[in-house]
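Report on the following structure.
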There are 2 protein chains.
Amino acid sequence: MVRTAIIGATGAVGREMLATLERRDFPVGDLRLFASERSAGTLVATRWGEVKVESLDDADPAGVEVALFSAGGDRSRQHAPRFAAAGAVVVDNSSAFRMDPTVPLVVAGVNDDAAKAHHGIIANPNCTTMVLMMGLAPLHRAAGLTEVVATSYQSVSGSGHKGIATLEAEIGHFAADFDALRTGAWEAPPPGYYPRPIGFNVIPFAGGAVAEGYTDEEMKLVNETRKILDAPAILVEPTCVRVPVMVSHGVAATAWFGRPLGVEEAMRLIAAAPGVEVWSDTVPTPLDAAGKDEVLVGRIRPTVGRPGGISLWTVGDNLRKGAALNAVQVAELIL
Amino acid sequence: MVRTAIIGATGAVGREMLATLERRDFPVGDLRLFASERSAGTLVATRWGEVKVESLDDADPAGVEVALFSAGGDRSRQHAPRFAAAGAVVVDNSSAFRMDPTVPLVVAGVNDDAAKAHHGIIANPNCTTMVLMMGLAPLHRAAGLTEVVATSYQSVSGSGHKGIATLEAEIGHFAADFDALRTGAWEAPPPGYYPRPIGFNVIPFAGGAVAEGYTDEEMKLVNETRKILDAPAILVEPTCVRVPVMVSHGVAATAWFGRPLGVEEAMRLIAAAPGVEVWSDTVPTPLDAAGKDEVLVGRIRPTVGRPGGISLWTVGDNLRKGAALNAVQVAELIL
């Protein structure tokens, strides 16, 4: 039995981490839940009895063997090393340690071996990158990915409860006057979580601004793809867009490899990979992926411009494989 | 004064064509409106008096000087040549004649000169292609577009009234149980216009299936881009996705040219083109473009993978510049 902790237990991903431990029969012994001072004292019903949420700031990590972190980058930077120093293996869902060369960045089913080299902390990749990797990694292993243009359709749950609440409120606001949406005479809703309304809209700017006109979400797609596939020369052109969907991130990708890759081979390679379903009769959508462990891949087709490449669509539940499921799978790998 | 006809006058684009003639003070003399037998007899209030809708099948085109067609490809193929033979110049919004080498395919402000070579019919490009061209054509003229990966975010009004009604109904259906959207326990709505639900979803398959796993919408992006820019060697990788937005199509594009193109030059070139606004402080969204004549371009940034290219986002009202506005602008060009 494994003494297990969830840090950020009351957030959208933290709650999914708990549900994932339960669903997968993770061998939990002595479950501890941590959150901010504000949530401390909350009682959470779990399969292993009722657990009182502890304040992270006061946390004594002694005895914890596996710590699943999803409390934001600042809290991970502050507390994950404490947990690791106390003997826990930390699986961190934030971006804090992902590009640290001493920290493995692991997509379970893609680069499991990398987990072995950990020094107490293993990073869980960005949710959008994770979904893309599930489709591209099998092709990379066979043919060597050289270049990919990746364009995302990211759901509001990727921004946590605030994103979900904003979409719910704005849908209600705009649904009162559909005509105004068509004529452009819409009234602005009360300010929400995003820089522009997301209800009946898309925002071609997911994440915060970093260098050269890119967002942090976009640069994660570049840098994490290279690290996960252990191929620093891969050329990645990212565009990250928020869409009015509750759960599941989709990515449209056009990719080229070290050799021409045919559609039949690509379909066979992806279908043979763990945790992926290839859909060819019906096109897989975010609604289809919501609540599923598997990442769905569809529209696998040859490039029509520069020959020899593959275009495809991949979509996965950002709270499951994109976050909580992968974190638990990584914990299972190191047990 | 110009004897003007709108064919398909009761559809979403046809009604916008009428509004555009009114808004732009088009010199209409003797306005005639045509639609299917079902709509014939309807009275439509216009700036030029009340007009009774005539049945297209019985139409006598004698005397019509400009005919704006938006009644679908089959009706265009059947009736546009009749109107042209009777002396009208037809501007056709369907795909029927777009790739006919004897028919100009014109984006007003991009390739106006091509309109001169018409033989009675001028084709209006696909709405998504049109929006993309407004951003890319100024760069092409300066640096020679060689390759573009284009990924769309297309609104439901691109499918006409049925698309709009489906989104409205499905938003109501799903909004009754937001939790089910997050867990995947959602109940399927009654069948709508699209192969999958569009409410709180995206469908990475816009249009109908054609060859090699592509949709007709995608192949329009390939073929019409080449024809409009008069550059048949341009490599285009298209992905067309329907999103739960009422009006305006967005396109995320990553493009390379015959020489490296810098961001400052790209911004200057696009800003100097007619009918386009470059937004750099705020990101332009579909809601911002709805009800506007201008196509909005934002997120102009250097490629981060293969050097020397430009990534950008372009969004425009698919009923205006994407359809009715361009058709009327083309009619203005040939007057």
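Let's see how each residue does on (1) crowded, with 18+ Cβ neighbours inside 10 Å; (2) under 25 Å from B:V263 (Cα atoms):
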{"residue": "A:L136", "(1), (2)": "yes, no"}
{"residue": "A:L145", "(1), (2)": "yes, no"}
{"residue": "A:T151", "(1), (2)": "yes, yes"}
{"residue": "A:Q154", "(1), (2)": "yes, no"}
{"residue": "A:G158", "(1), (2)": "yes, no"}
{"residue": "A:F174", "(1), (2)": "yes, no"}
{"residue": "A:D177", "(1), (2)": "no, no"}
{"residue": "A:P190", "(1), (2)": "no, no"}
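Please find, among A:A150, A:A114, A:A96, the residue that is small (G, A, S) and assigned to a helix (DSSP H, G or I).
On the way: A:A150 fails: assigned to a helix (DSSP H, G or I); A:A96 fails: assigned to a helix (DSSP H, G or I).
Result of the check over A:A150, A:A114, A:A96: A:A114.
Screening B:V304 with (1) under 17 Å from B:V149 (Cβ atoms); (2) surrounded by fewer than 21 Cβ atoms within 10 Å (Cβ to Cβ); (3) hydrophobic (A, V, I, L, M, F, W, C) gives one miss only, at (2).
Sort out which residues of the stretch A:155-183 are within 16 Å of B:V156 (Cβ to Cβ), within 8 Å of chain B (Cβ to nearest Cβ) and without any contact (Cβ under 8 Å) to a residue 60 or more places away in the chain, and write them in order of number. Correct list: A:A175, A:F178, A:L181, A:R182, A:T183. Here B:L261 passes the criteria (1) in a loop (DSSP other than H, G, I, E, B); (2) within 11 Å of another protein chain (Cβ to nearest Cβ); (3) among the hydrophobic types (A, V, I, L, M, F, W, C); (4) touching a strand residue (DSSP E or B) at 6+ places or on another chain (Cβ under 6 Å) except the one numbered (2). Taken as a whole, the structure places A:S95 among residues that are under 21 Å from the mean Cα position of the chain (by Cα), surrounded by 15 or more Cβ atoms within 10 Å (Cβ to Cβ) and touching a residue at least 12 places away in the same chain (Cβ under 8 Å). If the condition is being out of contact with any Leu (no Cβ under 9 Å at 6 or more places or on another chain), more than 7 Å from chain B (Cβ to nearest Cβ) and either of a type in the set (V, I, T) or surrounded by fewer than 24 Cβ atoms within 10 Å (Cβ to Cβ) (or both), then the stretch A:230-248 contributes A:D230, A:P232, A:A233.
Quick grid of which residues meet (1) within 13 Å of chain A (Cβ to nearest Cβ); (2) farther than 27 Å from A:L235 by Cβ; (3) at pLDDT 95 or above:
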| residue | (1), (2), (3) |
| --- | --- |
| B:E218 | yes, no, yes |
| B:I228 | no, yes, yes |
| B:V251 | yes, no, yes |
| B:R268 | no, no, yes |
| B:P274 | no, yes, yes |
| B:T303 | yes, no, yes |
| B:R306 | yes, no, yes |
| B:L312 | yes, no, yes |
| B:G316 | yes, yes, yes |
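I need the full set of residues from the stretch B:264-281 which are touching a residue at least 12 places away in the same chain (Cβ under 8 Å) and assigned to a loop (DSSP other than H, G, I, E, B), in order please.
Of the residues in the stretch B:264-281, the ones touching a residue at least 12 places away in the same chain (Cβ under 8 Å) are B:265-267, B:269-270, B:272-280.
The answer is B:A272, B:A273, B:P274, B:G275, B:W279, B:S280.
No other residue among B:V247, B:V283, B:V251 is in contact with an Asp or Glu (Cβ under 7 Å, 6 or more places away or on another chain) and under 26 Å from A:R196 (Cβ atoms) apart from B:V247.
The values are calculated or read from the model by the stated rules, or taken from the named source; none is laboratory data. Since this is a predicted model, take the numbers as computed values, not measurements. Glycine also receives a Cβ, built like all others from the backbone with ideal geometry; neighbour counts cover every protein chain displayed.
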